[in-house]
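Note sheet for the following structure.
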Amino acid sequence: MKSFNIFLYAICFFYFGHISAQNYPDDFEGTWYLNWYEYDLGDRYYIHEFKHAIDSPVLIIDSNLNFEGDGVCNTFTGEFSYESSNGDHYLTSTSFNPTNLICDFNNDFEDEYFFHFGNVEPPLLAEVYNLSNGLRSFEFQKSPGFVYHFDSKPIVLGLNENQENKLAIFPNPARNEISIVGLQNPVEDIQIVNVTGSQIKKLNTSSNNSYDVSDLPLGLYFIRITSEGTTTTRKFLKQ
C-alpha cells in the first residue's frame with residue numbers, strides 16, 4: 001500500500017506540479033535564477049549552500065534568443081540557436097562573450113558553468129516547465145549528468161558568517177528605486193554598470209542611500225561602490 005501511495009504521489013506531481021510547456025522556442029524567454037546544479041551524475045549542489053554565499057546567477061533570454069547573465073564575479077552575453085528533434089529541444093551558443101576577471105572564490109563553479117555555454121558540442125538539451133504555483137522552471141544539460149536548474153523567482157540568500165561585506169541592494173529585483181543597505185564607511189564613488197562593464201549612471205554619494213532607477217531599461221545591472229580605496233560590486237535586476 002505504501003508503494004502504491006508513493007507511485008500515486010509521483011503521478012500527481014508530474015501532471016499537476018510539473019507540467020511541460022509546449023510553445024518552443026518562445027518559452028525560453030524570461031529571467032531565470034540558477035538554483036542548483038549536478039555534475040557528472042553526482043551530488044546536487046544548491047547555490048545558497050556555497051561556503052562563500054553568492055546571489056543566484058541570473059540568465060536572461062529574450063524573444064530572439066539573445067542572452068545575458070553572470071556567474072560569480074564575471075558576466076556574459078551571447079546568442080542561442082534553437083532546434084528540435086524527436087520531441088527534444090536544443091539550444092546552441094552561436095556566440096558567447098564572457099568577461100575575464102579572477103574571482104576571489106568559487107572559481108571552479110564559474111569555470112564549469114561558463115564552459116557549458118562556450119562549447120557548442122554537444123548542444124544544450126533544454127526544457128521549460130510550468131508549475132502549479134504559477135512559477136516556471138528551466139533546465140538544461142550539456143551531456144547526461146551535467147544539469148543546471150533555474151527558477152523564475154530568485155532564491156533569497158541570507159548572509160552567512162563567512163561574508164565580511166554586508167552590502168546589499170534592496171529591493172532586488174527593482175522597478176523604480178533601489179536602496180543600498182550596509183554602508184558603514186564614507187563612500188567615494190557609486191556607479192551603475194551593465195553586463196559589459198560600461199558605466200550607465202553615476203549616483204550621488206551624498207544621498208540617503210536610496211536611488212531612482214526608473215529610467216533604466218529592463219535588464220541586469222551592477223552597482224560599483226568605492227569606499228576607502230576599495231571597490232565592491234553588487235548586482236540587481238531591473239524589472
Completion exercise
residue 30 meets each of (1) modelled with pLDDT of 90 or more; (2) over 18 Å from residue 89 (Cα atoms) with one exception, condition (2)
Exercise for the section: Among the residues of the range 202-236, write down those that are surrounded by 14 or more Cβ atoms within 10 Å (Cβ to Cβ), closer than 25 Å to residue 30 by Cβ and either of a type outside the set (Val, Ile, Thr) or assigned by TED's automatic domain parsing to the domain that holds residue 71 (or both). Expected result: 216, 219, 220, 221, 222, 234, 235, 236
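State yes or no: is residue 41 more than 24 Å from residue 168 (Cα to Cα), more than 12 Å from the chain's Cα centre (by Cα), at pLDDT 95 or above and among the hydrophobic types (A, V, I, L, M, F, W, C)? Break it down stepwise before answering.
On the way: more than 24 Å from residue 168 (Cα to Cα): yes; more than 12 Å from the chain's Cα centre (by Cα): yes; at pLDDT 95 or above: no; among the hydrophobic types (A, V, I, L, M, F, W, C): yes.
Considered against the rule, which asks whether it is more than 24 Å from residue 168 (Cα to Cα), more than 12 Å from the chain's Cα centre (by Cα), at pLDDT 95 or above and among the hydrophobic types (A, V, I, L, M, F, W, C), residue 41 comes out as no.
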Fill in the blank from the handout: Sole miss for residue 63 among (1) under 12 Å from the mean Cα position of the chain (by Cα); (2) part of a loop (DSSP other than H, G, I, E, B); (3) at pLDDT 85 or above is condition (1)
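Which of the strands (runs of 3 or more DSSP E) contained wholly in the range 66-159 include at least 2 residues that are out of contact with any helix residue (DSSP H, G or I) (no Cβ under 6 Å at 6 or more places or on another chain) and under 21 Å from residue 45 (Cα atoms)? Working first, answer last.
Numbers: elements: 66-70, 75-85, 88-98, 124-130, 136-141, 147-151.
Per the criteria, 66-70, 124-130, 136-141, 147-151.
Test residue 72 against the stated conditions and say whether it is at pLDDT below 95, under 15 Å from the mean Cα position of the chain (by Cα) and aliphatic (A, V, I, L, M).
Values: at pLDDT below 95: yes; under 15 Å from the mean Cα position of the chain (by Cα): yes; aliphatic (A, V, I, L, M): yes.
So residue 72 passes the test.
The values are calculated or read from the model by the stated rules, or taken from the named source; none is laboratory data. None of these values were measured; they are calculated from a predicted model. No Cβ is skipped: glycine too gets one built from the backbone with ideal geometry, and neighbour counts run over all protein chains shown.
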